[in-house]
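Just below is one structure, and these are the notes that go with it.
The values are calculated or read from the model by the stated rules, or taken from the named source; none is laboratory data. Note that the coordinates shown come from a computational prediction; the quantities given were computed from them, not determined experimentally. Here the Cβ positions follow ideal geometry from the backbone for every residue, glycine too, while neighbour counts run over all protein chains shown.
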Amino acid sequence: MNCEHFGKIVIGQTFCSEGSANGLEYTSEAREWLFVDGEEQPEASICTLSFFKKNAEENRPVIFFVEGGPGASAWFGCSTLGPIVPDYEKCGSKPPFCFKENDNWILDTCDLVLIDVPGTGYARLYNLEKESLYFGSENDAGICVKIIKEWLDKNDRWNSPKFLFGGSYGSTRAAITLDYALGATDNGRLQKMTEDLFFDGAILYSQTLTFDLSRGLYVPDGVNECVTDLPSIAATYHYYSQDPSLPDVKTFVDEAWDFAASEYAPALVKGASMTPEEREHIKERLTYFTGLPGEALEQLHLKLIRFAYQDMLLAGQERHMGQNDTRTSSGSYGNGRVDGAACDPSVIGSALNAAGRREAEKLLNIHFDREFRRINFEFLNELVPVNWDYTSVKSPLEHLSSALNYNSGLKIMLAGGYYDFATPIGDARYMLNTAGLPLDRITHKEYAGNHEVFLDPACSEESLADLRQFIHDTLED
């Protein structure tokens, strides 16, 4: 990827502030970076929100955050990654909301840069004729490489340890960025070492590295999907059943994975050639892990995937289970139900999210002259025609493998949530078992949380502690 075909960059609107949270004195900088053409007309913009610890040691680590979607805003993470967080104990989860200083702010470990690409947050595509240049997996990664280099130049931080953080589609964005940062081309060979942009580590959560995004976000693939979906299905059943005879959720999920790999997969391969005794045993075990009766499983020919389970578990209750967080649900009345991420009850922005972002922007002196887009569904193939090009010669996993090959010091942290049907934890387990990645350079964590394990109050304290430890261990090696 040659980043030179993008327009040159000039600085746009910039808003700065100073403050203190939980004893951490900081400065913040919200900045628009404009890509302009030869006539100095804007083509597109990227917006960054940076947090710097005041009076910190020189060249402290810095994390660059990219979000998923591909139309989601990284600034949404401000609810955990910024100086204030919701105070649930004081005011609960209904208006009026309360906020408090973030007592678990990762700024104690590293400086933070939240990156919004064109079309998300306050960032924009100004020249619609340049849509293909900015809206696509490969060019998008090239934009990230270019803006990170520009940020390092402007802030004199090339000597700082550098980490890249991406969740969901952001893990794909991060994997391609890691590869292109080294100058790699689509065939996996280095094109040129333009700036030697080496990252020390990358945090990839709710990974989509194994998804065939060029064919759509979710592509059924038979036996593999049934096997990799079962741990998340089991976790969801564990949550709804509240059966005291079941083991703790981690043990239950591990049991489901062992069954899926050692018994369920071979049974699905055998299919109609299973003996009646084998078939009955598989049904009994599936009922144990899912709560579904044998008759329902027979109707599926024992091929249970998460999207079918999403409908079946709450059948008759007129409820629609969330995809990003299966612990949530909303009404599914009459003909009013519409499938897809745009109508997922665990995705749609809540009043708390909106209030929290505005409180943070007041605190940080941010007042852009345009609407904020938390999620741009134009990229998600949901409500309007797609204008995002997912095609690539290499898969995201191949990009990650290439980056690990060329950057021998690169370490990876993979993280996922049990209650995530968008990117089930079984996919990551299967990838680690089969992809030939250097496991001694990969830290793998799972949490009793949703698609956003670093934001979910149920597990954010644990996941952020693991993130700090990963950064510490990476820098110690």
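The rows are residues; the columns are (1) more than 22 Å from ASP254 (Cβ to Cβ); (2) in the same structural domain as VAL85 (by TED's automatic domain parsing); (3) out of contact with any His (no Cβ under 9 Å at 6 or more places or on another chain).
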position: GLY409; (1), (2), (3): yes, yes, yes
position: MET413; (1), (2), (3): no, yes, no
position: PHE421; (1), (2), (3): no, yes, no
position: PRO424; (1), (2), (3): no, yes, yes
position: ARG429; (1), (2), (3): no, yes, no
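Of the residues making up the range 12-57, those that are over 17 Å from ILE84 (Cβ atoms), touching a residue at least 40 places away in the same chain (Cβ under 8 Å) and not hydrophobic (A, V, I, L, M, F, W, C) number 8. Go through the range 258-295 and give me each residue that's surrounded by fewer than 17 Cβ atoms within 10 Å (Cβ to Cβ) and not in a helix (DSSP H, G or I). Result: THR275, PRO293. Of the residues making up the range 348-381, just one is crowded, with 18+ Cβ neighbours inside 10 Å, part of a loop (DSSP other than H, G, I, E, B) and modelled with pLDDT under 60, namely LEU380.
This table checks each residue for (1) modelled with pLDDT of 90 or more; (2) of a type in the set (A, V, I, L, M); (3) in a loop (DSSP other than H, G, I, E, B).
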residue: HIS399; (1), (2), (3): yes, no, no
residue: ALA403; (1), (2), (3): yes, yes, no
residue: LEU414; (1), (2), (3): yes, yes, no
residue: LEU437; (1), (2), (3): yes, yes, yes
residue: GLU446; (1), (2), (3): yes, no, no
residue: LEU464; (1), (2), (3): yes, yes, no
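Residues in the range 38-75 that are farther than 23 Å from ALA360 by Cβ and either hydrophobic (A, V, I, L, M, F, W, C) or not in a loop (DSSP other than H, G, I, E, B) (or both): PRO42, GLU43, ALA44. In summary, TYR447 fulfils each of the numbered conditions (1) among the hydroxyl-bearing types (Ser, Thr, Tyr); (2) surrounded by 15 or more Cβ atoms within 10 Å (Cβ to Cβ); (3) over 24 Å from ASP103 (Cα atoms) with the single exception of condition (3). None of ASP111, ASP87, ASP116 is free of Cβ contacts under 8 Å to residues at least 40 places away in the same chain and either more than 17 Å from GLY23 (Cβ to Cβ) or among the acidic types (Asp, Glu) (or both) except ASP87. Residue count for the range 23-37, restricted to those that are surrounded by 15 or more Cβ atoms within 10 Å (Cβ to Cβ) and not in a strand (DSSP E or B): 0. In the range 416-429, the qualifying residues are those that are at pLDDT 95 or above and of a type in the set (Phe, Trp, Tyr), and the one that is surrounded by the fewest Cβ atoms within 10 Å (Cβ to Cβ) is TYR418. What about GLY222, is it among the small types (Gly, Ala, Ser) and over 20 Å from GLY426 (Cβ atoms)? Against the criterion (among the small types (Gly, Ala, Ser) and over 20 Å from GLY426 (Cβ atoms)), GLY222 does not qualify. Summed over the range 219-238, the residues that are at pLDDT below 90 and of a type in the set (D, E, K, R) give a count of 1. Inspect all residues belonging to the range 277-299 and state whether any of them is closer than 30 Å to SER395 by Cα and touching a residue at least 40 places away in the same chain (Cβ under 8 Å). Scanning the range 277-299, I find no residue that is closer than 30 Å to SER395 by Cα and touching a residue at least 40 places away in the same chain (Cβ under 8 Å), so the answer is no.
Among the residues that make up the range 175-192, is at least one of them of a type in the set (Phe, Trp, Tyr) and at pLDDT below 95? For the range 175-192, residues of a type in the set (Phe, Trp, Tyr) and at pLDDT below 95: present.
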